[in-house]
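The values are calculated or read from the model by the stated rules, or taken from the named source; none is laboratory data. Note that this is a predicted model, so its numbers are computed, not measured. Every residue, glycine as well, gets a Cβ built from its backbone with ideal geometry; the counts of neighbours run over all protein chains shown.
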Amino acid sequence: MIFKKAFKYLLTPPKTEESLFNQFAGAKRWIFNRALAQRKEGWEKEKKSITLFSQNDELVLLKKQENLAWLAKIHSQVLQQALNDVDRAFLNFFNGLRNKTNVGYPRFNRYKARKKLNLLHCHLKNLRLDFFYKLALEIVKNHDIIGVEKMNVKGMLQGLRTLARAISDAGWGMFLNCLKNKAEEYGKTLYEVSSLLGSTRLCSNCGRKQTLGLGQREYICECGQSIDRDLNAAINIKNLAVGASV
Ligand SMILES: [Zn+2]
């Protein structure tokens, strides 16, 4: 079996380089906003179309101005790319008008703030994924048979609001996928027990069934068993997984 793996790396530049990256980003944002304002005003006030060519020419002059000397310290390609981005944004906008597709008017790249937020979400997702894969690896390395309850995560997310949020935050579906991948990679057996089993309701000692409320943490049975509800459910799932694998 062939497995395809992807690796993601976090760049941690030295402080001096990090500061340089921030300077580049700030200068690029400044040039982008300036170029966009110039084009907007040019059209609104004089019905004049300002081209990428003319803005590139002006950039050379800007870098020579005494009050903008800081621009000369930024790599020229960084600033030129900002102008290219503005040009591309307008091109996409006008193409959108022609093709009747919904492409918005170029914005003062607010867009950057959204992008920053998306990056933060992406970072959190990667942290969570990293934790899930490490946990899955530990489980898979130490067990030959793994039993999990097949949960209708999508359906549960549409259920009680507070419960749905907890399920979503915990990322159960994501963890189960990690576990499946690792089990397959290491040739271990992952058995998904049907949720119809009612692992929470079933006594893992005698097999009797009873209904437990969500807040009831202990399973107490007529047979004398008194056990944590999650541990009781886990034993039921383990028994079924082991039985099915023999
Ligand atoms: Zn019992």
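Annotations
- Looking across segment 217-226 at every residue that is within 40 Å of the chain's Cα centre (by Cα) and within 15 Å of the ligand (Cβ to nearest atom), the one that is nearest to T200 (Cα to Cα) is identified as Y219.
- Picking from residues in segment 12-49 that are of a type in the set (A, V, I, L, M, F, W, C) and in contact with a helix residue (DSSP H, G or I) (Cβ under 9 Å, 6 or more places away or on another chain), the one that is farthest from F94 (Cα to Cα) is F24.
- Among residues of segment 8-28, those that are surrounded by fewer than 15 Cβ atoms within 10 Å (Cβ to Cβ), part of a helix (DSSP H, G or I) and of a type in the set (D, E, K, R), counted: 3
- Positions within segment 176-232 being under 18 Å from E149 (Cβ atoms), acidic (D, E) and surrounded by 14 or more Cβ atoms within 10 Å (Cβ to Cβ), in sequence order: E192
- Reported count of residues in segment 90-125, each being within 19 Å of G26 (Cβ to Cβ) and surrounded by 15 or more Cβ atoms within 10 Å (Cβ to Cβ), is 2.
- Selection status of G224, modelled with pLDDT under 90 and either polar (S, T, N, Q) or outside any helix (DSSP H, G or I) (or both): no
- Note on segment 233-246: among residues that are away from the ligand (no atom under 15 Å from the Cβ) and of a type in the set (G, A, S), the one that is surrounded by the most Cβ atoms within 10 Å (Cβ to Cβ) is A241.
- Within segment 186-202, the presence of a residue that is within 16 Å of the ligand (Cβ to nearest atom) and either over 18 Å from L240 (Cα atoms) or of a type in the set (F, W, Y) (or both) is excluded.
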